[in-house]
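Participant: Quick one: structure below, then a few questions.
Derivation of every value follows stated rules applied to the coordinates shown; laboratory data play no part. All of these numbers come straight from a predicted model, not from anything done at the bench. All Cβ positions, even for glycine, are placed from backbone atoms using ideal geometry, and neighbour counts span all protein chains on display.
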Amino acid sequence: MTGAGRGLGRAAARRLAGDGAALVLADIDPATVRDAEDEICRLGGVAQAVHADVADQGACQRVVDTALESFGGADILVNVANYPVPPARAEEVDLEHWHKSFAAGPLAMFMLARAVFPHMRSAGGGRIVNFGSELSENPRPERVVYAASKGAVRALTKALAREWGAYNIHVNTIWQMNWPPATRRSLRRCRPGGVLSLRPRQRLGHRPDDRG
């Protein structure tokens, strides 16, 4: 699992550990990912932390190799990591954010999926879960880079699902609806009084209820 040191990734890791999964926890922040490992082990789970920048191909391979060496296989890949692009209007976005968002998002997901693919194929199947966003279908103002990156994640997921379904490798996307504070502020600026109108259940995501 990538992005496992904090937030949604850490919460999903706790859930999987509670269901009996042995986990490789990957994160760019060595302190938070070690803390996540300690937490899961204290709760009776099995986890191994790996400090990795998934924008780097070698780091992606190292994450997969750790799973193979430590646990003898890689049955599930969960891609949560992404680059936190600050909200900005399209004409003001620094191009560096485009490169970093795609490198840590859809490109990293592809590199990890490709690294784990031969092992899942030889094992008779596997599961790949990519964290996406409903912004991939319904973009919001000031979120052009994030929306484009998650749009690429959506397309990548569909393409891999079509190619690898024959090997019993299921590739799916989760659209998390738990908006961080920066996104909420951006929505309130652009849609004053209208944020809840976008939600079928007329509420915003709540971290304890919606994680995992």
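Participant: Full-extension gain between D19 and R162, please, as 0.36 nm times their residue separation minus the C-alpha to C-alpha distance.
Facilitator: Extra length from D19 to R162 when fully extended: 48.7 nm.
Participant: May I pose another question? So how far apart, in nm, are the two label points at E134 and R114 if each is 7 Å from Cα heading toward Cβ?
Facilitator: Going by the 7 Å Cα→Cβ label model, 3.3 nm.
Participant: Further question on the same structure: Run through the range 88-157 and list the trypsin sites (Lys or Arg not before Pro) located in a DSSP loop whose Cβ has at most 15 other Cβ atoms within 10 Å.
Facilitator: R89
Participant: Turning to a different aspect of this structure: Starting from 0.36 nm per residue, how many nanometres of slack lie between A90 and C41 once their C-alpha separation is accounted for?
Facilitator: Full-extension gain reported as 13.3 nm.
Participant: Where in the range 148-168 is the amide nitrogen less than 19 Å from a point lying 7 Å along the Cα-to-Cβ axis of R127?
Facilitator: Residues passing the 19 Å test: 157-158, 160-162, 164-168.
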